[in-house]
Amino acid sequence: MNEVTRNPRVIIVGAGMAGIATAITLAQHGYSNLTIVEKGTDVGGVWHWNHYPGLTCDVPSNLYQYSFATKPDWSRIFATGPEIQTYLADVVDQYDIRRFITFGVEVISSHFTGVEWAVTTSAGRTLKADFVLMATGVLHHPNVPDIAGLTDFAGPVVHTARWNDALDTSGRRVAVIGSGSTGVQVISALQEGSSRIFHFNRSPQWIMWSPMGMRQPRVISALLRRLPRVREAQYRALLTASGILADVTTTPSWRRRLIQQSARLSLRAQVRDKSLREALTPQDEPLCKRQVVSGSYYRAIAAENAELVSTPIDFITESGIQTKDGNHREVDVIVLATGFAAHNYMRPMDLRGRDGIAIDEIWQRGPRAYRMTAIPGFPNMFTVLGPNSPTGSISLQYTAELTARYIVQWLDMYRDGVVDLVEVTEDATADFNKQVTKALGPTVWNSGCDSWYLTEGGTVDLWPFNRRAMTEMLTKPELGDFHLTNLCDTQEGKL
């Protein structure tokens, strides 16, 4: 191996869960020339921006954490948003990563000059980097529906991703628009204190019962705190067990049918009113969309002060919401639980690669990448939790850590002078996406529902393989899938 002569300049865009995992992994491998650009005022990404009432993670707390920073004393089996944000901030401080982060600054443009990256921020600075790592995530651009009259409403209108903590909904008539996990959690949290609450839910989703509010027993927290090896073993066991979700979503089997039937039974057991149960029954298969879990929604929507509105909204007036059947409901507050533009990734950043090619041009038919990490035309740029990431089946922390270790290997080659520029080939990217398309065929996500998993082109933007396949693909770079350039001798080829 050549003598170490270079410490690559690395810019990480985003200080959410993926950006934190990447920064810590790089630092642990000796890379200290790091700059993390974060548009928020603190770390956490989605857990920083979202703080609406009832915010709870739908993944068990003891799995929703980093392998290198397991937490013994989660307060609940399913952690609240504030507790997760605090955990992420604590991890950043524990590993001394905050010193690399610039907060309150957004990347406006990122251009490859031919030898390096020029990254311009909203602060007016242009930073230079040898590598740019995009850890922008998928759930950070709020989706505001185009509803006639929305701007005419006289009362507060708030999107759950930009919640106003000063907003008081007690004793008020509240309208919640949106049928996913966020809408379910907001309804559950606000129903009791509202004078009247309306859930405008045009397309109901299957809701699996789960004890979302259950506290973690103190004896368990004490055991995990005192015995780190037990804590680590628990994490590994949960990670292995989570493979069941990947199995049922990607492979038709009795396991999938069993879980789907349990969702149907959950609805039948909890909602006794026949007409309400019919209105809450989705037309698609359970698991086709991001599975919603709750232990309180069905009870909340069946309460006397709650109303499920299945008729599509026609327009919004100054004082309320009118549906297409002509009914007008007077409301004081409108809550938009309408999710995110999940496939923007780095956009609307002005991102340009080799020869000035724009990301919008590359992604005309929807986001695509090589093994979630590399995009043809964009040398020395990698994505962490990029296109086809397993947001519906595999631990995202595991995925981010695995991807970061994969990127480290490219940085090692740069450090050692083996390569200056690395760019995935179009052929390798096309071949991988053909594999993805074929593997998506039997998945439950491809069974006909309309979900946020679908791109503008109608393709499913998820990981259709299991965790073992992911690990094999990202354990060691396939050098033959990349153009490798050494600028010293200006020779380009495959090593």
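Structure data summary
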| read-out | value |
| --- | --- |
| Odd one out for PRO379 among (1) outside any helix (DSSP H, G or I); (2) under 24 Å from ILE244 (Cα atoms); (3) touching a Ser or Thr at 6+ places or on another chain (Cβ under 8 Å) | (2) |
| Top-ranked residue of the range 77-102 - restricted to ones that are aromatic (Phe, Trp, Tyr) and in a loop (DSSP other than H, G, I, E, B), ranked as farthest from TYR66 (Cα to Cα) | PHE78 |
| Evaluation of GLY480 against (1) part of a helix (DSSP H, G or I); (2) among the small types (Gly, Ala, Ser); (3) under 23 Å from the mean Cα position of the chain (by Cα) (one fails), failing number | (3) |
| Failed criterion for LEU308 (all others in (1) modelled with pLDDT of 95 or more; (2) part of a helix (DSSP H, G or I) hold) | (2) |
| Scan of the range 190-207 for residues that are of a type outside the set (S, T, N, Q) and surrounded by 18 or more Cβ atoms within 10 Å (Cβ to Cβ), ordered by number | LEU190, ARG196, ILE197, PHE198, HIS199, PHE200, PRO204, TRP206, ILE207 |
| Pairs with Cβ under 7 Å, 6+ apart, first in the range 46-62 and outside any helix (DSSP H, G or I), second buried (at least 22 other Cβ atoms within 10 Å of the Cβ) and of a type in the set (Phe, Trp, Tyr) | SER61/TRP74; ASN62/TRP74 |
| Residue tally, condition touching a Phe, Trp or Tyr at 6+ places or on another chain (Cβ under 8 Å) and exposed (fewer than 13 other Cβ atoms within 10 Å of the Cβ), over the range 129-181 | 1 |
| Test: residue in the range 246-259 that is touching a helix residue (DSSP H, G or I) at 6+ places or on another chain (Cβ under 6 Å) and free of Cβ contacts under 8 Å to residues at least 60 places away in the same chain | yes |
| Selection from the range 53-78 of residues that are touching a strand residue (DSSP E or B) at 6+ places or on another chain (Cβ under 7 Å) and under 23 Å from GLY392 (Cα atoms) | LEU55, THR56, ASP58, SER61, ARG76, PHE78 |
| Subset of the range 159-189 (residues that are among the hydroxyl-bearing types (Ser, Thr, Tyr) and either free of Cβ contacts under 8 Å to residues at least 40 places away in the same chain or under 24 Å from GLY45 (Cβ atoms) (or both)) | THR160, SER170, SER179, SER181, THR182, SER188 |
| First in the range 306-321 and small (Gly, Ala, Ser), second anywhere and surrounded by fewer than 16 Cβ atoms within 10 Å (Cβ to Cβ) and in a strand (DSSP E or B), Cβ under 6 Å, 6 or more apart | SER319/GLU330; GLY320/HIS328; GLY320/GLU330 |
| Residue that is surrounded by the most Cβ atoms within 10 Å (Cβ to Cβ) [pool: residues in the range 32-83 that are touching a helix residue (DSSP H, G or I) at 6+ places or on another chain (Cβ under 6 Å) and within 30 Å of THR5 (Cβ to Cβ)] | ILE36 |
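The values are calculated or read from the model by the stated rules, or taken from the named source; none is laboratory data. These numbers were taken from a predicted model, which means no experiment stands behind them. Note that each Cβ is placed from the backbone with ideal geometry, even for glycine, and that neighbours are counted across all protein chains shown.
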